[in-house]
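Take a look at the structure below.
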Amino acid sequence: YEFLRGGCNSEDPQERQDVLMRASEFFKDMKDEWAQKITKDQATLLRVQAELEKGAARGEEFYGLSIAQTITNLVLSNQHKKAARIASEFDVPDKQFWWLKLKALAQLRDWDSLDKF
Amino acid sequence: GVSNLANSVINLTALREATRTELINLLDQLQGKKVLVLDPALTGPLGLIIEVATLKEHGVERICPLTPEPLVTDCRNVMYILRPRAPLVRMVADHVHAHEAGPPPGKEYSLVFVPRRTFVCDQVLEAEGIWGSLKLQELHLDLVPLDEDVLSLEVEGVFRDCFLDGDYSALHGVARALMKLQNVFGVIPNIRGKGNCSRIVANMLMRMRRELSAEAAAALPQAPEIDSLILIDRDVDLVTPLLSQLTYEGLIDETLGIKCGYVDLDPEIVADPKAQQQHVPGKRVKTPLNSNDRLYAEIRDANFSTLGPLLNRRARELDEGFKERHAAQTVSEIRDFMRKLGGLQAEHNSLRIHTNVAERISQTTRSAAFLRRLEAEQSMVAAGASSTSFEFIEECIHRGEPLLRVLRLACLFSVINGGIKSAQFRQLKRELLHTYGFELLFTLANLERAGLLRKQEGSSNWSKLQKQLNLVVEDVDEANPQDIAYVFSGYAPLSVRLAQQAIKGKWRNIDEALRALPGATIDETQADPRGDGSVPKGSVKLVFFIGGATFAEVSALRWWAKQEDGLDVVIGTTKLINGDSLIDSLVERVE
């Protein structure tokens, strides 16, 4: 855990992901499946977020956010497909996905999409 | 202002005066003008023993908080007052080094540790090379009287130290503070308690008493004023602090935050619309909450649902009081009325403030989120943690409700259920990380180690405990309570049930429950060191919570003591806490 914590503090995105992947391997050896999956998912998330930032308009930040926040931000910037993809990739429960989308659409006052949704 | 302590069952004023005199002596040792640099954690406790005006009378020119920023001052004398924590000592060292680099003349430094110096701090000073250039002193401010029946060490993080990190150094502080009480009020004949930390403290106390020099022992008061000490580890009862408090004082703490007997209120709440005096907009007003305020003393322990009628009745009584002026005819009648007027106005002022505060709180307690949460908590306490409760917690996560609230509920589920089933536990943790971020992983690990949120091992003993200790009481009348369960509208705090049995000397009646709870059970008697078997003068019981107490528990004990003839209870704790602050102390912050 100490090792992982140090990694999470790291400024360098690549190092963060490396640490997570190594931690994931470590948990695999420890036969801790839950921790293995969660660290691997986090490494994937950071990679996806880095890509999202590349394609994003200025001022949009994704890197280091939680999955829920990432989905919210994607809905806020009208990238509904990407939002849905993240949700399925990380097994976000449908119920939660609806909540996030509902709240974000309400925040946008996008009543049309809200109606359709 | 600060509680006047005049009605306390033990002489707490003497305790406060002793510390005050100690501080004044320290100040007077530094001749001339001085700057006082305070550890921010100590401003609250120090404010309860001394006023700023008195500090000024003793040469204090400026008071500033201890920060990493360099200290700029022309003053030759600088006094630091701080908790013995290494990072703080390093800040002081940085200040000193910065001054040394500057032009002479040199300064005189006094470093005052509260309540005691520690070896670690000495080491830091030595490593920084300034050990010889400072005057090292101590201010033995241990138990601060927050009110006439509440004493607190006001030390942060004892729960974390003891129940997460296994660092028991804080317990030494607890024992020293209790020993100091014994020096003033006599050796406490009975010590009962529950929990491993309580065991350690009880052992330390008995050892310290045995090691007293003959001289010190002879100086002990003849007849003890406190007859029993009840020690309770916070981890013996984790359910109570996790529940939403429903008493008025408890709700003020949960919604507005009480710090060291004061609450910061918005100016609109405090301001008298008719008065000329203007409060700076946006600047919060520090308002005392203690028994000096007669109205507050009457309503603080009440269940919030009964507060409306209570305030209403008071308002009508006050009105009657003011109307007496019409009846006053003769000069002496008018003089009598004028004498009462001050009191009436003070109470009128307090009534206005508390009506506003209650209004603010009811915005929370009326909200659907609060009511649903309360329903979930109450069903868990009464009927155990069900799948419905679990779904409710998941829903709270999905809605992204405030982290501490969600963790509090999840921990409650786990504690009552004796842990969470493996698959559910993994699912819950994953959803928490998805919603609140991966860094929460470290906090979850802490909660797991502290036994608050963990995988199920064995079966839950909650329903047994609940019956053995009569924790759930049906048909509670909050307006006219018959049992301490009124504080949680039907749940009697486990910790207070233990205290009740311990005070009555009926530990044996609840043998089974005691065995089901974690940690050692303590039942000791202390002989007076002079061995003359003098009869206790008082029958005061001191109930001390190691790792924090909630206002709801204080209220329950206070209410109970009022019902029983000849029972006086004083409550001690390392800190007043609530569920949010308890969980927050275990949150791991990743920068």
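Given the DSSP H assignment, sum -39500 (n - 2.57) over each helix run of at least 4 residues in chain B and divide by its residue total; what's the result at 222 nm in deg cm²/dmol, nearest 500? List each step's numbers first, then the result.
Values: 25 runs with 289 residues, N = 591.
Roughly -15000 deg cm²/dmol at 222 nm, from the helical runs in chain B.
Ordering A:19-25, B:126-132, A:78-84 by mean Cβ neighbour count within 10 Å, with the highest value first, yields A:19-25, A:78-84, B:126-132.
When you look at the Cβ of every residue in B:426-436, what mean number of other chain Cβ atoms sits within 10 Å? Walk me through the numbers before you get to the answer.
Numbers: counts 5, 2, 0, 3, 8, 6, 1, 6, 15, 8, 4.
Whole-number average of other-chain Cβ neighbours for B:426-436 is 5.
So how do B:563-570, A:40-47 stack up, highest first, on mean other-Cβ count within 10 Å?
Numbers: B:563-570: 14.5, A:40-47: 19.2.
Ranking, from highest mean packing down: A:40-47, B:563-570.
Neighbour counts of other Cβ atoms within 10 Å put B:His58, B:His354 in the fewest-to-most order B:His58, B:His354. Note on B:Ala369 and A:Leu76: with the Förster distance fixed at 30 Å, the Cβ-Cβ geometry gives a FRET efficiency of about 0.80. Under a 5 Å amide H cut-off, with hydrogens placed 1.01 Å from N, B:Val570 pairs with B:Lys541, B:Leu542, B:Val543 among residues at least 5 apart or on other chains. The stretch between B:His58 and B:Val184 holds 42.6 nm of extra length on full extension. This uses 0.36 nm per residue minus the Cα-Cα distance.
If packing is taken as the mean number of other Cβ atoms within 10 Å per residue, what is the order of B:216-223, B:519-526, highest first?
Numbers: B:216-223: 13.0, B:519-526: 16.2.
Per-residue Cβ counts within 10 Å, averaged per peptide and sorted highest first, yield B:519-526, B:216-223.
What is the mean number of Cβ atoms from other protein chains located within 10 Å of the Cβ atom of each residue in peptide B:378-390, rounded to a whole number? Spell out each step's value before the answer.
Details: counts 0, 0, 0, 0, 0, 0, 0, 0, 0, 0, 0, 0, 0.
The mean count of partner-chain Cβ atoms within 10 Å per residue comes to 0.
For the pair the stretch B:440-481 and the stretch B:395-437, the centres of their Cα atoms are 15 angstrom apart.
Any of B:Lys56/B:Lys286; A:Lys101/B:Lys429; A:Lys95/B:Lys421; A:Lys82/B:Lys429; A:Lys28/B:Lys575; A:Lys40/B:Lys575 with alpha carbons more than 30 Å apart? Name them for me.
On the way: B:Lys56/B:Lys286 21 Å; A:Lys101/B:Lys429 22 Å; A:Lys95/B:Lys421 22 Å; A:Lys82/B:Lys429 25 Å; A:Lys28/B:Lys575 42 Å; A:Lys40/B:Lys575 40 Å.
Correct reply: A:Lys28/B:Lys575; A:Lys40/B:Lys575.
Please compute, for peptide A:97-110, the average count of beta-carbon atoms on other protein chains lying within 10 Å of each residue's beta-carbon.
Counting Cβ atoms of other protein chains within 10 Å of each residue's Cβ and averaging gives 1.
For the stretch B:538-591 versus the stretch B:157-207, the spacing of their alpha-carbon centroids is 15 Å.
Coordinate-derived values only; no laboratory data. Every value quoted in this text rests on a predicted model; they were computed, and no experiment measured them. Positions of Cβ are backbone-derived with ideal geometry, glycine not excepted, and every protein chain shown enters the neighbour counts.
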